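Comments concern the structure below.
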Amino acid sequence: MFFGIRVHFLFLLQAFVLDYSVGYYGFDICFSGERCVALDDCLDSHKISIYNYNLKSKICEKNKICCPKPGNILPDYMTCGQSSPQNRVAFGAKADMNEFPWMAMLLYQNTTTWDPRFVSVCGGSLINSRYVLTAAHCVVSVKYVPKDLLLRKVRLGEHDTSSNPDWVQLANGKWMKAPRHLEIEVEEIVVHTNYNWQLENDIALLRLEMPVSYTNEIRPICVPTKHFSLKNSLLQIAGWGLTENGQYSEVLLKSTILESHKCPHEFEYFRETSQICAGGQSKTDTCTGDSGGPLMAIRGRSFDEYVYVAGITSYGNHGCGVNVNPGIYTKTGFYFKWIWENLKA
Ligand SMILES: *[C@@H]1O[C@H](CO)[C@@H](O)[C@H](O)[C@H]1NC(C)=O
């Protein structure tokens, strides 16, 4: 048994200041709402067997782990939408490590070759311990996702796809290893029943095979309710650029965008009640968000900042340097009831 400061050693100062994730005596402090219980009790409550449980959980007391909340509960505002990037560079092209810890990479298998090297054509957002929110067009194999690709897994805690674990440079110039990313099988896909070829109701939920514990690298984003207004929000998109254009980035990229009024003119099927029209304002604004990834509305400032998944990247003309053109995003707040009704414990 090792009772020293076990984890996040170099994150310690930051952890104390920003998320209190490391306790004074070396045990982790659970996130708000997570219960500190024996592993068996946790597995029982989530109806998963020890044999397929392969997730690392935080140790909160001797022989006890931080047990995630059930899948039908959304995180409270102390927990969702919080990030603690290593060094935040506003408007930089590359996201900082841990800047968007809810970013999920959807992994597909080629059913012709059954090649174990999965590919990704979409992103998503972790909204609680068990569910990832994405676009319906990412999981229904019509037009966008090639017929021979089958969605199998979700990768969380990813930053740079070229290395696992990722390396982070600290303020003092030293490099350290970040925790490895996590891949979890998709247990169930829930697609909006009225999703159609006009890309109306382009929303879907992915239920993970097992719940995840939150860490610095893996955290949920806040889900807006019906009356969420975009006024006074900074909007950002992020993704690895794995879009239909075939553009690809190893490191997560981000871009700041603004609400736009161009969609009604440019897109025949734009619907203001259920969709958001937004676009970049200048070509210097880096790259694009993945399909299915979040349109993020950032509220508050610095230490009191929290992020909402205001929209889900649906369609439009995205691509590096061309995101001055607006794109259409599924308005998440409009679908709050649908999301809520489709979450299972
Ligand atoms: C799947 O593999 C087949 C055979 O190699 C290939 O022709 C096809 O393009 C692959 N599909 C995708 C979407 O990459």
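The values are calculated or read from the model by the stated rules, or taken from the named source; none is laboratory data. These numbers were taken from a predicted model, which means no experiment stands behind them. With ideal geometry, Cβ positions are generated from the backbone for all residues, glycine too; neighbour counts draw on all protein chains shown. Side chains are part of the model used for accessible areas, which takes the heavy atoms of the whole protein and leaves out ligands, DNA and RNA. Shrake-Rupley method; radii C 1.70, N 1.55, O 1.52, S 1.80 Å.
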Which of Thr225, Thr215, Trp240 sits closest to the plus end of the dipole of the stretch 181-243, meaning its Cα is farthest towards the positive end, when Lys and Arg get +1 and Asp and Glu get -1 on the C-beta? Thr225
Accessible area per residue in Å² at 1.4 Å probe, computed on the stretch 98-208: 42
Hey, can you grab everything whose amide H is under 5 Å from the amide H of Ile29? Only 5+ residues off in sequence or another chain; H modelled, so Pro and N-termini drop out. Val22, Gly23
Given the Cα-Cα distance of Tyr77 and Leu234 and 0.36 nm per residue of separation, how much length would full extension add, in nm? 54.7 nm
Kindly sort Tyr77, Tyr195 by accessible area of their heavy atoms, largest first, with the probe set to 1.4 Å. Tyr77, Tyr195
